[in-house]
Amino acid sequence: MPAVFNTQDEDLHKRLRNPIASLYSMTNVVKFEPLVDQTLAVLLKQLDGRYLGSSVPFDLGNWLQYFAFDSMGTLSFSRRYGFLEQGRDVHGILGEIWTFMKTVAPMGQIPWFDELWNKNALITLFKRPTGFGVLKVVDTFISQRMARRQEDDSLKEKDMLSQFLNIQVLNPDVLPW
């Protein structure tokens, strides 16, 4: 299925990109800074609450990853995934991504292996697909938003999903999210 990120047809790419290009302008992106600030406040509160005055070591890299994912959840859906509040991999998202990356990394180095491992009808019968946990969470968030919008079309969330949905209403050529 052609999309703005994978099409090689320049005319199609332009038609897909034009309706949403303004969403990625600096003027629009800067409007999201308060959402990142809110998530940063949650990170600092969690670190203070769990580790301030304690000699317990912690992995700052994990916490920064939780912050990044919860920031993206806030920017995308006006809600965090819950990594920061729970201090762990929520819904197995990080594990799913790690499994997916381990699966696809060899394909970049050994392209013929993709045909053997990912596109082999016999093997796909027995292999569990990777990455679906992440998509399931995202699909749930989008479905919940769509249901809320149908119940109350005056919702004024200021996130990327609301902007995409508004563009889709104005331009029926834009693919559904």
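The table for this structure:
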| item | result |
| --- | --- |
| Flag for R17 being closer than 21 Å to I167 by Cα and either surrounded by 11 or more Cβ atoms within 10 Å (Cβ to Cβ) or not aliphatic (A, V, I, L, M) (or both) | yes |
| Residues located in segment 130-177, provided they are assigned to a helix (DSSP H, G or I) and of a type in the set (G, A, S) | G133, S143, A147, S162 |
| Residues satisfying the stated conditions in segment 93-133, i.e. surrounded by fewer than 14 Cβ atoms within 10 Å (Cβ to Cβ) and either on the phi > 0 side of the Ramachandran plot or of a type in the set (D, E, K, R) (or both) | K102, E115, K119, K127, R128 |
| Top-ranked residue of segment 69-92 - restricted to ones that are of a type in the set (K, R) and in contact with a Gly (Cβ under 7 Å, 6 or more places away or on another chain), ranked as surrounded by the most Cβ atoms within 10 Å (Cβ to Cβ) | R80 |
| Residue list for segment 15-46, restricted to those being closer than 19 Å to T74 by Cβ and touching a residue at least 24 places away in the same chain (Cβ under 8 Å) | L23, N28, K31, F32, L35, V36, Q38, T39, L40, V42, L43, Q46 |
| Residue match in segment 147-154 (condition: surrounded by fewer than 14 Cβ atoms within 10 Å (Cβ to Cβ) and closer than 16 Å to R79 by Cβ) | yes |
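Values in this text are rule-based calculations from the coordinates and carry no lab data. Keep in mind that what you see is a predicted model, and the values were worked out from it rather than measured. So basically every Cβ, Gly included, is an ideal-geometry build from the backbone, and we count neighbours across all protein chains shown.
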